[in-house]
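Take a look at the structure below.
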Amino acid sequence: MTLKIISTTEVVFEGTVDSVQLPGAMGRFTVLNHHASLVSSLTSGKIVYKQSDGAEHSFDVKGGIADIDNNVVSVCIY
């Protein structure tokens, strides 16, 4: 699936990932391939994503919005 992390000033990350963990307003949740469509607000925490080579990366956020649809995870952060 494709992950796009976008701030108000730049594209922080755009690439193919196997999984994404997001700090949702109702608690942390994981997105995998073929996840149901979803829109969620995000709270302060870490976005953690795994790439197909097994490398895991994390990114601190203060909040934002995530949109999951058709194997694309679009995250607008602030």
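FYI, it's all coordinate maths here, none of it is from the lab. These numbers come from a predicted model, not from an experiment. Every residue, glycine among them, receives a Cβ derived from its backbone with ideal geometry; neighbour counts consider all protein chains shown.
Show me the ranking of peptides 47-56, 60-69 by mean Cβ neighbours inside 10 Å, starting with the highest.
Numbers: 47-56: 13.4, 60-69: 15.8.
Output ranking for 47-56, 60-69: 60-69, 47-56.
The phi torsions of the stretch 45-53, fed into the Karplus equation with coefficients 6.51, -1.76 and 1.60 and a -60° offset, translate into couplings of x, 10, 9, 10, 10, 10, 8, 5, 7 Hz, rounded to whole numbers, with Gly and Pro shown as x. For HIS35, the residues whose modelled amide H falls within less than 5 Å of its own, excluding neighbours fewer than 5 places apart on the same chain, are ASN71. Scanning residues 5 or more positions from SER7 or on other chains, those with amide H under 5 Å from its amide H are VAL12, ILE77, with H placed 1.01 Å from N in the peptide plane.
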